[in-house]
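The structure under discussion appears below in the form of structure tokens.
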Amino acid sequence: METASCSILNSLCFSNKNNNNVINSRRYCCLYAPRRNPYLVLPFSSTFPRTRRRDFFSSPGKCLHFNHPIAFCSLSSSDNPNPSQELAVLLEVEGVLMDAYRVGNRQAFNVAFRKLGLDCANWSEPVYLDLVRKCSGDEERMLNLYFNRIGWPTSLPTNERGPFIKSVLREKKNALDEFVMSKSSPLRPGVESFIDEAYHEGIPLVIVTAYSKSGDKIARSIIEKLGHERISKVKIVGNEEVKRSFYGQLVTNKGLSSGSDEQIAKEAIKAVSAEKQKIAEDVASVLKLSVEIDTGSSESLGKTVAALRAGAEYAGVPFQNCVLIAGNQTGVAGAERIGMPCIVLRSSLTSRAEFHSAKAIMDGFGGADLTISKLCQKKWS
């Protein structure tokens, strides 16, 4: 990483109503960008000195105007005499706070079968585990293999088996969501002690829900199982918190004045994407192929990156000193993109998955697995 002057804010001045006391914004802000990849990520963190931040932002006419309160992450070396000792932990929800697939997925399938009137279909635990093993957890394949064994519904035409499978999976997801939100669904063993230990050691702990596949509402219902006292010890970063963060407003251009360098930066990103598309089309024309770059995955990655950046801001710790505890590939990819250390907790859904960029892969919390003391000592393997 290298530190450079903030090109995004070069054109902005901090002044009072009389246009006096113009302050060079470079004294306060810096842009952290990967040397080899300056286009795809706009990592931005404030370096406002804590001793002056309050006075600076409380003075009328001497601040940038944002639509929402901003959370800042200080990277100034003066904030902490031992910056290498700083540590914050970011936790995902799915697969980390709760392994819903281990405790509720089989039951959810049986609920879906009953709702669709498939009385002959019922998955015992041995049947379910056998299907998972033979199909590597691919649920469409599991259903096809199962009905090929016991027979498909007699009233179902062969050409409608695909839509039928999708309807089963849709009902299964609804049933699993209801199970996750119910009071009977348990958290992962050891997660509560892990949070308590982090709080006791003074380590900021952030739970990230912004890119949760099951949605922010279900993710927060899982968090509620921690109890009010334990929830008060953590920060929760969902979609709204990301929007209110400094990084979130910066990349969406909602908090900065029009005509700022951020708009130029966004246009540069668009230009780079267009150039990639042009190069791909030129190559394809030689090969007589048709090609189109998929931007869906990049948008998803951008959302994950924004959530992790915001999490670091709310923790008040530089992102490279944060550790993400992830439960799936989405968070791992986002952490890799910005250079945030990442540890994966395996779940029943990812038991056979590979995470090459993770610092470590562990099976759970406590004991021989993940503990705060290991994080502090960087004993991740």
Members of segment 91-116 found to be surrounded by 18 or more Cβ atoms within 10 Å (Cβ to Cβ) and in a loop (DSSP other than H, G, I, E, B), listed by number: 92, 93, 95, 96, 97, 99
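If we scan segment 169-176, do we find a residue that is closer than 15 Å to residue 94 by Cα and at pLDDT 95 or above?
Our first condition is that a residue be closer than 15 Å to residue 94 by Cα; within segment 169-176, this holds for 173, 176.
This time we only want the ones that are at pLDDT 95 or above, so: none.
No, segment 169-176 contains no residue that is closer than 15 Å to residue 94 by Cα and at pLDDT 95 or above.
Select from segment 219-252 the residues that are more than 20 Å from residue 202 (Cα to Cα) and of a type in the set (D, E, K, R) and list them in ascending order. Break it down into steps so the answer makes sense when it comes.
Within segment 219-252, the first condition is being more than 20 Å from residue 202 (Cα to Cα), and the residues that meet it are 219-225, 238-252.
Answer for segment 219-252, where residues must be more than 20 Å from residue 202 (Cα to Cα) and of a type in the set (D, E, K, R): 220, 224, 225, 240, 241, 243, 244.
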Filter result for residue 119 (within 29 Å of residue 343 (Cα to Cα) and surrounded by fewer than 17 Cβ atoms within 10 Å (Cβ to Cβ)): no
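Here is a check on your reading of the model: is residue 128 aromatic (Phe, Trp, Tyr), in contact (Cβ under 8 Å) with a residue 24 or more places away in the chain and assigned to a helix (DSSP H, G or I)?
Values: aromatic (Phe, Trp, Tyr): yes; in contact (Cβ under 8 Å) with a residue 24 or more places away in the chain: no; assigned to a helix (DSSP H, G or I): yes.
Taking the combined requirement at face value, the residue does not satisfy it.
Looking only at segment 201-221, how many residues end up being of a type outside the set (A, V, I, L, M) and touching a residue at least 40 places away in the same chain (Cβ under 8 Å)? Break it down into steps so the answer makes sense when it comes.
Applying the first criterion (of a type outside the set (A, V, I, L, M)) to segment 201-221 yields 201-202, 204, 209, 211-217, 220-221.
Cutting the leftovers down to touching a residue at least 40 places away in the same chain (Cβ under 8 Å) gives us 201, 204, 209, 211-214, 221.
So the answer is 8.
The values are calculated or read from the model by the stated rules, or taken from the named source; none is laboratory data. It should be emphasised that the depicted structure is a prediction, and the values quoted were computed from it without experimental measurement. Every residue, glycine among them, receives a Cβ derived from its backbone with ideal geometry; neighbour counts consider all protein chains shown.
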